[in-house]
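Student: Below are the structure tokens for one structure; questions will follow.
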Number of protein chains: 2
Amino acid sequence: MSFAQLYIGAGNGFSSLTTRNHSPYSWMFCKAITGVVLAISGYVVLTQLWYAAYPEEIAATLPEDVNWGARQPESLKDDGIRPFTITTSPAVIEHLKFRLNHTKFPHAPLKGVSFEYGFNIDYLKKVRSYWLNSYDWSARLKFLNSLPHFKTIVSGLDIHFIHAKPAASAKNLKVIPILLIHGWPGSIREFYELIPQLITPRKNVDYVFEVVAHPAGFGYSEAAAYSGLATAQIGVIFKKLMNKLGYEKFYVSGGNWGFKIGRDMAIAYPENVLGFHSTMCMDMHLAPVPVVWTAVHVWIGSFIPGFAVAKEDEHRLYPLRDYANWLWTETGYLHLQATKPDTIGTALLDSPIGLAAYLMDKFSSLTNPANRKLPDGGLTKKFTLDALLDNVMIYWTTDSILTAVRLYSEYLSNDYIKLKFDAAPVKVPTACARFPHELVYSPDFRVNRKFKNLVRISKYNDGGLYAAFEEPKIVANDIWTSIPLFLKARQNASSGSS
Amino acid sequence: MSFAQLYIGAGNGFSSLTTRNHSPYSWMFCKAITGVVLAISGYVVLTQLWYAAYPEEIAATLPEDVNWGARQPESLKDDGIRPFTITTSPAVIEHLKFRLNHTKFPHAPLKGVSFEYGFNIDYLKKVRSYWLNSYDWSARLKFLNSLPHFKTIVSGLDIHFIHAKPAASAKNLKVIPILLIHGWPGSIREFYELIPQLITPRKNVDYVFEVVAHPAGFGYSEAAAYSGLATAQIGVIFKKLMNKLGYEKFYVSGGNWGFKIGRDMAIAYPENVLGFHSTMCMDMHLAPVPVVWTAVHVWIGSFIPGFAVAKEDEHRLYPLRDYANWLWTETGYLHLQATKPDTIGTALLDSPIGLAAYLMDKFSSLTNPANRKLPDGGLTKKFTLDALLDNVMIYWTTDSILTAVRLYSEYLSNDYIKLKFDAAPVKVPTACARFPHELVYSPDFRVNRKFKNLVRISKYNDGGLYAAFEEPKIVANDIWTSIPLFLKARQNASSGSS
């Protein structure tokens, strides 16, 4: 039976089910529907065959003995793990207050505009006033130091981390090491509400977490002196850090850059990463087959959304014009940082109010696009000004904005793309917590293809790029729920291979 | 004769011209070539027909009585034309020096990196040192005030301009009024080398220029209080300004935003704009027909460059991957400014070194992409540090960076796109001076389609986005050469219509 016969036959069959005295229009309609269904089915079968024939991409193996720092190797003798306390000199705070007091505010927002042109100037004046008059840095320092900080040298760089151990009440429980990784423009501050929920035992659960939260090479960690430190290379440093702390095997969780770094660790170290939990699951494979495949799916989905996305995700992609507008509107910082990190970094290093506006802008629109229409950018719906300013202060007092934004340039470079971490599959057990206002949206069919051992996709009603900071309870619960699934997936795999 | 017969027949005809004993391969090759030629010809004929059937776009007519300023109309009584002198208070300069002396420079460039990550930090330290120790603002003020400045209220805004009259030696010559318009991140400073060449009589030429150089709503001109002041609306203000100065008819010249504003004036006021001269001719019409037409042309050109571009322009488009990389690398500022002008503006308002790096970055890479590889960004190949810092000082002392970058947001808005200035043809006589390092490249075939009365396309070997600043002699000569052609085109048009 030829394809044409099949087409006509299916049309006949369908029409005979409806009515014998069909009008010419219903007949044409019936044939059209049948044709579309067959075309789509054919397309799906063809792309599956195409994909099956497509060789699996293999990510590069990275050397582990690179010295990224400016110092000579002889000065890098192993100094062990040093406790660290966040401190700032009074001069830094005095200078900050002087600079804030002399901020230039020569303009008003355009009439009737909230955050549609970026950070609202009237609200920025309120932020400055709060920063100068109500924000208490010494109290905040106490808070930030309430978790135990450490430093140690890895790959020639002095790397900072928080190491939070389980509460004393957890004596007889199994302790599970988990590495939390944040992104930009966040900091370790994003995890301060999440960590206590992970290290406190839960009823009827026989384990508890020991958390290493790492600042992704930002903040109190030393910056690279050489170009090329992208997410995969940071992953090498983090894996070496975990090994140095005595964890041969561990879990990883992160969103934003934490997703990319964690994903690269999961690809590079499947024996070490027991499970990968992320609040930003996506597939960034941009080769022709997945791009065309996705484009056709998404295009068909613009007529039949269910073909491309689950019901609850329709608003993420459709109307496509809105999604394209959103991406254009919210990725200017990414574009500039990927191409001119030292230019924008120089400006932000030198202006505290500029830094605050630039960073807090992201905590407004990337938690909810509707925040653009609010006079305060919706900033205090999820956060306190104290929390947001803690984050700004971590960048300001460490002078780390310029070195942090270089990561965009390293990641979006041909050198990194050639390593194929975007292209290679993730085979370790993975759990995806998906939030509706995530910046970039990968439909589930692509997530399923990237993560070959997906133990769970959970979808939530609110939250965006900074899920752990916005919704610490939800993210904590998601992590707790994922561990047994990770264990089961590992058991299945080992019993399957035995 | 069917298309298939034509195809086979042409193949036969061509083969009989070559050899009777052709091999099967040469026969297939011959057929393939003939097929390609026929397909391309068919495409060209079809798109020409398609274009011919496509209705001409008509730009919106804009109201001329809009009040863009914050002040009440009653305070806006006509104050005539007021002479203006650039002055700054000592406090502003003291504050600047204090800020520069306290610049934070905590980092070095990455090892072996020049301007590839943006403005080089080592070179920025040299710029700061020059600014603090060698740059003499009082001498520069004298220089900036050496041309006659004025202000006047138009459309509710206090508008600044330079009005340079011909030298005394030009007594018996015909005086030609020309409006020069600059763009971002330039200022009136871009025209200081050009203007003297326009107001000085030339041998055997019976005319000389009277120049009105206008700062496009930047610098010393008041900023709008309401959203929506895009290029077409600025064009309304400039036309009213020229009328107020007594010029019913005049010429316009500009690159960068000066191109877009001048183009919109030429479209809106064909009776007033006698001729439009630009160093940045392009066609931004993004509707499906021109986009597909251009895409196919450019795609064919990637095999046969001559199909899409003239020989001397091949390097502008091909390899296409290089052009796409260049656009991505150099348009981050545009993307951010179009979407978050108030966020980036706030940071740059508050940091002189950040402002200098951000603005001068553009004068490095947008004059020549090869400058990225030079330790000084090639900045002093075309400019002096004095000239570049004059430009930075105009933004810094007027606090105008934030309001200036809002123009990107206004131009790249749906409201502006709906006005159809990007889509409508320019019918007034136009002269295009094309420079090889212009940021965005429109092939000649598109320029020819946008400008229906193109009197001249001249191509030069060096220069980029700031042609008038980089190559004032070439641009002056180009303007002098264009005037007789404009006059001739006008005469032909009027004799043709009479």
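Student: Quick one: residue A:216 ticks every box in (1) modelled with pLDDT under 95; (2) closer than 22 Å to residue A:480 by Cβ except a single one, so which number is it?
Tutor: Unmet for residue A:216, out of (1) modelled with pLDDT under 95; (2) closer than 22 Å to residue A:480 by Cβ: (2).
Student: So, one more: Filter region B:224-244 down to the residues that are assigned to a loop (DSSP other than H, G, I, E, B) and in contact with a Gly (Cβ under 9 Å, 6 or more places away or on another chain), then identify the one that is surrounded by the fewest Cβ atoms within 10 Å (Cβ to Cβ).
Tutor: Taking region B:224-244 first, the residues assigned to a loop (DSSP other than H, G, I, E, B) are B:224-230.
Still in the list and also in contact with a Gly (Cβ under 9 Å, 6 or more places away or on another chain): B:224-227, B:229.
Working: B:224: 26, B:225: 19, B:226: 15, B:227: 19, B:229: 25.
Ranking the candidates gives B:226 first.
Student: Still on this model: Here are some residues: B:389, B:402. Which one is modelled with pLDDT of 95 or more and either closer than 26 Å to residue A:118 by Cβ or hydroxyl-bearing (Ser, Thr, Tyr) (or both)?
Tutor: On the way: B:389 fails: either closer than 26 Å to residue A:118 by Cβ or hydroxyl-bearing (Ser, Thr, Tyr) (or both).
Only one candidate passes the filter, namely B:402.
Student: Name the single residue, out of those in region A:260-308 being charged (D, E, K, R) and out of contact with any Phe, Trp or Tyr (no Cβ under 6 Å at 6 or more places or on another chain), that is farthest from residue A:434 (Cα to Cα). Outline the logic, then answer.
Tutor: Of all residues in region A:260-308, those charged (D, E, K, R) come to A:260, A:263-264, A:271, A:283.
Adding the requirement that they be out of contact with any Phe, Trp or Tyr (no Cβ under 6 Å at 6 or more places or on another chain) leaves A:260, A:263, A:271, A:283.
Numbers: A:260: 15, A:263: 15, A:271: 26, A:283: 13 Å.
So, considering only residues that are charged (D, E, K, R) and out of contact with any Phe, Trp or Tyr (no Cβ under 6 Å at 6 or more places or on another chain), the one farthest from residue A:434 (Cα to Cα) is A:271.
Student: Turning to a different aspect of this structure: Could you grab me the full set of residues in region A:159-184 that are in contact (Cβ under 8 Å) with a residue 12 or more places away in the chain and not aliphatic (A, V, I, L, M)?
Tutor: Answer for region A:159-184, where residues must be in contact (Cβ under 8 Å) with a residue 12 or more places away in the chain and not aliphatic (A, V, I, L, M): A:160, A:161, A:163, A:165, A:166, A:169, A:174, A:177, A:182, A:183, A:184.
Student: Restricting the search to region A:315-349, which residues are of a type in the set (Gly, Ala, Ser), under 25 Å from residue B:414 (Cα atoms) and more than 7 Å from chain B (Cβ to nearest Cβ)? Even if it seems obvious, please write down each step before you answer.
Tutor: Step one: list which residues in region A:315-349 are of a type in the set (Gly, Ala, Ser), which gives A:324, A:332, A:338, A:345, A:347.
With the extra rule that they be under 25 Å from residue B:414 (Cα atoms), the set shrinks to A:324, A:332.
Residue satisfying the conditions is A:324 alone.
Student: Being over 25 Å from residue B:109 (Cα atoms), among the hydroxyl-bearing types (Ser, Thr, Tyr) and in contact with a strand residue (DSSP E or B) (Cβ under 7 Å, 6 or more places away or on another chain) narrows it down to one residue among A:329, A:367, A:343; which is it? Break it down stepwise before answering.
Tutor: Details: A:329 fails: in contact with a strand residue (DSSP E or B) (Cβ under 7 Å, 6 or more places away or on another chain); A:343 fails: over 25 Å from residue B:109 (Cα atoms).
After applying the criteria, what remains is A:367.
Student: Please find, within region A:350-383, the residue that is nearest to the other protein chains (Cβ to nearest Cβ) out of those that are out of contact with any Asp or Glu (no Cβ under 6 Å at 6 or more places or on another chain), part of a helix (DSSP H, G or I) and over 25 Å from residue A:323 (Cβ atoms).
Tutor: Restricting to residues being out of contact with any Asp or Glu (no Cβ under 6 Å at 6 or more places or on another chain), part of a helix (DSSP H, G or I) and over 25 Å from residue A:323 (Cβ atoms), the top hit is A:357.
Student: Looking at region B:384-413, which of its residues are within 12 Å of chain A (Cβ to nearest Cβ), outside any helix (DSSP H, G or I) and of a type outside the set (Asp, Glu)?
Tutor: Hits for region B:384-413 are B:400, B:412, B:413.
Student: Something else now. I'd like to verify a number: residues in region B:448-492 that are over 14 Å from the mean Cα position of the chain (by Cα) and assigned to a helix (DSSP H, G or I), how many?
Tutor: 23
Student: Run down B:83, B:109 and say which single residue is surrounded by fewer than 16 Cβ atoms within 10 Å (Cβ to Cβ) and either part of a loop (DSSP other than H, G, I, E, B) or over 27 Å from the mean Cα position of the chain (by Cα) (or both).
Tutor: None of the other options fit; the residue is B:83.
Student: How about region B:203-223: which of its residues are under 22 Å from residue B:477 (Cβ atoms), surrounded by fewer than 24 Cβ atoms within 10 Å (Cβ to Cβ), touching a residue at least 24 places away in the same chain (Cβ under 8 Å) and not aliphatic (A, V, I, L, M)?
Tutor: Answer for region B:203-223, where residues must be under 22 Å from residue B:477 (Cβ atoms), surrounded by fewer than 24 Cβ atoms within 10 Å (Cβ to Cβ), touching a residue at least 24 places away in the same chain (Cβ under 8 Å) and not aliphatic (A, V, I, L, M): B:206, B:207, B:210.
Student: So, one more: Might you check whether a residue that is surrounded by fewer than 16 Cβ atoms within 10 Å (Cβ to Cβ), of a type in the set (A, V, I, L, M), under 19 Å from residue A:251 (Cα atoms) and in contact (Cβ under 8 Å) with a residue 40 or more places away in the chain occurs anywhere in region A:476-496?
Tutor: yes
Student: Does residue B:148 qualify as being at negative phi and within 14 Å of chain A (Cβ to nearest Cβ)?
Tutor: Taking the combined requirement at face value, the residue does not satisfy it.
Student: Among residues belonging to region B:129-163 that are under 29 Å from the mean Cα position of the chain (by Cα) and in a helix (DSSP H, G or I), point out the one that is surrounded by the fewest Cβ atoms within 10 Å (Cβ to Cβ).
Tutor: Of everything passing the filter in region B:129-163, B:142 is surrounded by the fewest Cβ atoms within 10 Å (Cβ to Cβ).
Student: Only one of these conditions is not met by residue A:267: (1) at pLDDT below 95; (2) of a type in the set (A, V, I, L, M); (3) under 19 Å from the mean Cα position of the chain (by Cα). Which number is it?
Tutor: Failed condition: (1).
Student: How many residues, within region B:97-126, are within 11 Å of another protein chain (Cβ to nearest Cβ) and in contact (Cβ under 8 Å) with a residue 12 or more places away in the chain?
Tutor: Of the residues in that region, 18 qualify.
Student: If you don't mind, another one. Could you list, in sequence order, the residues of region A:29-86 that are touching a strand residue (DSSP E or B) at 6+ places or on another chain (Cβ under 6 Å) and among the hydrophobic types (A, V, I, L, M, F, W, C)?
Tutor: Scanning region A:29-86 gives A:68, A:76, A:81, A:84.
Student: Here is a follow-up. Does residue B:277 qualify as being at pLDDT below 95, closer than 29 Å to residue B:362 by Cβ, buried (at least 19 other Cβ atoms within 10 Å of the Cβ) and not β-branched (Val, Ile, Thr)? Talk me through it step by step, then tell me what you get.
Tutor: Numbers: at pLDDT below 95: no; closer than 29 Å to residue B:362 by Cβ: yes; buried (at least 19 other Cβ atoms within 10 Å of the Cβ): yes; not β-branched (Val, Ile, Thr): yes.
In short, no.
Student: For residue A:324, state whether it is surrounded by fewer than 24 Cβ atoms within 10 Å (Cβ to Cβ), modelled with pLDDT under 95 and of a type in the set (Gly, Ala, Ser).
Tutor: Here the answer is yes, as residue A:324 does meet what is asked.
The values are calculated or read from the model by the stated rules, or taken from the named source; none is laboratory data. Being a predicted model, the structure only gives us computed values, none of them experimental. All Cβ positions, glycine included, derive from the backbone under ideal geometry; neighbour counts span all protein chains shown.
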